[in-house]
Amino acid sequence: TTISSSKASNLKSTIPIPSASVVGEETGFRAPTTESLAKPSAVETAIQQRQLRQEQQLKQKSAVTIQSIYRAYRSNNCLLEEQASLLSQRLKDLETLRNLILQKTNVEYVPPPATATVLARQLLFLTKSIPWKRGDGTMNTQTMLHNPSDDAHRLQQTLQYVLLPGIIGKDDDLDPILTWMDDSRGRMRLMELLRLCFVTLATKTVHSSKVFVAIESFLKVVMGISANSPARSSIVEQCRVILPTIYSSDTVYSPPPIAEKMKPDTLPYSSTGSPLDIIHILRYQLLFGCGKPIPNDAEKRRESCIPSKQREKNDVLFRLTLDATQSAGAGVERRRLQSQFVSNILMVPLLTWKISIDCVSKLLVPDSTTHRSSPVFLAMLKSFVQQHAEALSAGMIASTLPSCDVPMTSCPATPTQSLLANIVQIGRICPSLNGSDPSKIYYPDASFFFDSIATLVDAVPLGTFSSRGSAVEWISTANGHHTPIVLSPLVTDQCKLLLVDSFVRNLFDCAIDDEALGTASVLRTKNDKDLKLEKDMEEVATASATSLAASEAMVDRNKSFWKSSKWARKLSSSMTKVFSNENTDASKNRSRSSVDGGQGMLIDTSSVSKKLAHGGPHDRSVTNAFLTEDKVKEYAAITNAEKAATPALYSSELLLSLCRVYAIVLARWNGIGHDDIVAGTRWENPRNEDRKARATSKADPLTHMLLNVLCFST
């Protein structure tokens, strides 16, 4: 009997098998050999053959799939090359015909709408990706340039020689886009043409200035922001949908988050049917046009880290977005767009490096909608304040700035830091705000500008004005841990321009007018309280600190200190809020009566400064109360006649605003960090001596300057 190999192996392992000779002698039968035991059974043979057939079928199916994909890819490429060659030849012939007609008759040739529609559809076909099916069964296509240089050149010819002549012409029958407005397919074709323009501007390998000029001219015409020849009203109304005006006043506009694993060449607005938002497109271009919001070589190369062609693309989108925002109708729509421009564009880090100086100067052009034509960026700041008055009054300016698409792990600067750096740089070159020429400064606008800066200075991280080589900000992760992020020194350096000595001196020179403030008469006039205070100070000056402390220590311990001590009574009566955090009606009445009694008109912010200096919870009721909607309306209530009569009409509001800004700097940084202040020399103690045992040999330059201005100049 034949024994299977598996059974034979089991028998070998358990039962000793005698030799073949012994078995033959005893039983007369011959034992099976090793070859017969190792021979596979018919079942195993069938299983092996079945597996072999399955492998062959799988290989054949894979080969067929690969061949079909390749055949589809090759056929699509052949079709694209054929259509591209055909479109290029048609556009070349059309350009030749146009030049001949222009040379002979000096008349611009306008292609018929049917011809323009065919050429536009062919161009859109060549700039679409090959459709692929999603998991849910829907088809997805994206706008892309297969051959960037050739596709961009064909787009330029289509816009310049096919579409624009009919759009800006006076004959409605020759306007090709006007015929597209009759059906949904035509309107979708127009949206895809706009998408193609934005994708072309975002393509890194497109460097032709002629392409940029053609795209900008076309977009200005169809959006109705071209002063010479805007498109028809129906076309302009259709193209205005790219402006994000659908958000309510109580909603903070925030762009969608950018996926970290998104392909480098994939744009969030390139998918067919996705919404077009020109503010979001500009924001994405400024943030990720060079790869990262702050390029890796920015600290070494400075402004040169932004390529010139990339800056040229940014300029085109920036001018389009700014003009579209400013051309919006007055009222709520315009205010929302201006507010979104501030919160999404003006807070982009290194903004003044990513656009040219010509675009920066467009922010300084007078705004035609304001009474005195304030600078455009200042009018935008006022709209931003009006839109978020409640959040700003509560000290929550960070909540009004979007940060979901720019986490600090990819951009080592907070939104408040970036916004402060940008508006400081823009304000420093604005003649009506920087104080370089006292005859050009406008005090209400300058006061509002520095009130806005005061809110940002109170909200930026402590590392912003630190004298340390590197400042760190801690962020919380999803698992509850905290991760240190080194703040960008470039953004902090731009913020520190607020504290440049010449800039501060020019501002206070304009803010302080001895004749208007009556400084000389105030210093010459002394009332009884002033004389008594001088006498008390002379008495204290004659006594040493030790004897003064000993005399106070001899006071009866049973009596209340604030009732028995002479100096404590004076402090308690005149500076109650220093020692009390409760804003009761009685304290308000006492402070009001003290003001009426001639003790000065300065606002008592000592409790706020005390909390800021000791790092406690911030009471922003004083530092942010000025940025309310009522304050903005007060600035706007100044009549046009008053502004036109004397452009440099003096107002003490600017002095108070400047004092507020730099007092917050002193309270936050010189209070917590001791000598940790801008340009301050850090004290080193190699012998580990007690720090409190030694006084500083030299006053901090910034503290010295600010105290001189705040205390003695007034």
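Here Gly169 meets each of (1) at pLDDT below 90; (2) buried (at least 16 other Cβ atoms within 10 Å of the Cβ) with one exception, condition (2). Every test in (1) closer than 16 Å to Gln387 by Cα; (2) open to solvent by 10 Å² or more (accessible area, probe 1.4 Å) is passed by Trp353 save one, and that test is (1). Look at the stretch 81-106: where a residue is without any contact (Cβ under 8 Å) to a residue 60 or more places away in the chain and closer than 30 Å to Asn147 by Cα and a partner is open to solvent by 80 Å² or more (accessible area, probe 1.4 Å) and assigned to a helix (DSSP H, G or I), sitting 6+ places away or on another chain with Cβ atoms under 8 Å, you get Gln83/Phe125. Looking only at the stretch 291-298, decide whether some residue is open to solvent by 40 Å² or more (accessible area, probe 1.4 Å) and part of a helix (DSSP H, G or I). Looking through the stretch 291-298, none of the residues is open to solvent by 40 Å² or more (accessible area, probe 1.4 Å) and part of a helix (DSSP H, G or I).
A quick yes/no check of all residues on (1) touching a residue at least 12 places away in the same chain (Cβ under 8 Å); (2) buried (at least 18 other Cβ atoms within 10 Å of the Cβ):
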| site | (1), (2) |
| --- | --- |
| Asp445 | yes, yes |
| Phe449 | yes, yes |
| Thr455 | yes, yes |
| Pro461 | yes, yes |
| Ser467 | yes, yes |
| Ser470 | yes, no |
| Ile475 | yes, no |
| His481 | no, no |
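Just to be sure before I move on: is Gln417 surrounded by 24 or more Cβ atoms within 10 Å (Cβ to Cβ) and at pLDDT below 90 in the structure I sent? So Gln417 fails the test.
Residue-wise test of (1) open to solvent by less than 10 Å² (accessible area, probe 1.4 Å); (2) within 25 Å of Arg660 (Cβ to Cβ); (3) of a type in the set (Gly, Ala, Ser); (4) at pLDDT 90 or above.
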site: Ser339; (1), (2), (3), (4): yes, yes, yes, yes
site: Val342; (1), (2), (3), (4): yes, yes, no, yes
site: Leu346; (1), (2), (3), (4): yes, yes, no, yes
site: Asp358; (1), (2), (3), (4): no, no, no, yes
site: Leu364; (1), (2), (3), (4): no, yes, no, yes
site: His371; (1), (2), (3), (4): no, yes, no, no
site: Leu378; (1), (2), (3), (4): yes, yes, no, yes
site: Gly435; (1), (2), (3), (4): yes, yes, yes, no
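Restricting Thr141, Thr127 to residues that are surrounded by 15 or more Cβ atoms within 10 Å (Cβ to Cβ), under 23 Å from Lys220 (Cα atoms) and hydroxyl-bearing (Ser, Thr, Tyr) narrows the list to Thr127. For Ala328, the criteria (1) of a type in the set (A, V, I, L, M, F, W, C); (2) open to solvent by 10 Å² or more (accessible area, probe 1.4 Å); (3) more than 25 Å from Gly435 (Cβ to Cβ); (4) over 15 Å from the mean Cα position of the chain (by Cα) hold in every case but one, which is (2).
For the stretch 418-444, the set of residues classified as in contact with a Pro (Cβ under 7 Å, 6 or more places away or on another chain) and not hydroxyl-bearing (Ser, Thr, Tyr) consists of Cys430, Asp437, Lys440, listed by residue number. Within the stretch 159-182, the presence of at least one residue that is of a type in the set (Lys, Arg) and farther than 19 Å from Ser270 by Cβ is confirmed. Within the stretch 172-183, if we keep just the residues that are touching a helix residue (DSSP H, G or I) at 6+ places or on another chain (Cβ under 6 Å) and part of a loop (DSSP other than H, G, I, E, B), the residue that is least open to solvent (accessible area, probe 1.4 Å) turns out to be Asp175.
If only one of Arg154, Arg187, Arg121 is closer than 20 Å to Glu216 by Cβ and part of a helix (DSSP H, G or I), which one is it?
On the way: Arg187 fails: closer than 20 Å to Glu216 by Cβ; Arg121 fails: closer than 20 Å to Glu216 by Cβ.
Result: Arg154 is the single residue among Arg154, Arg187, Arg121 that is closer than 20 Å to Glu216 by Cβ and part of a helix (DSSP H, G or I).
Taking Thr117, is it surrounded by 15 or more Cβ atoms within 10 Å (Cβ to Cβ) and either more than 16 Å from Pro165 (Cα to Cα) or out of contact with any Gly (no Cβ under 7 Å at 6 or more places or on another chain) (or both)? Answer is yes for this residue.
Of the residues in the stretch 184-202, not one is open to solvent by less than 40 Å² (accessible area, probe 1.4 Å) and at pLDDT below 90.
Residues satisfying the criterion are absent from the stretch 318-325 (criterion: buried (at least 19 other Cβ atoms within 10 Å of the Cβ) and under 18 Å from Phe449 (Cβ atoms)).
The values are calculated or read from the model by the stated rules, or taken from the named source; none is laboratory data. All values reported here derive from a predicted model rather than from experimental measurement. Cβ atoms come from the backbone with ideal geometry, glycine included; neighbour counts cover every protein chain shown. Note: accessible area is taken over every heavy atom of the protein model, side chains too, but ligands, DNA and RNA are not part of it. Shrake-Rupley method; radii C 1.70, N 1.55, O 1.52, S 1.80 Å.
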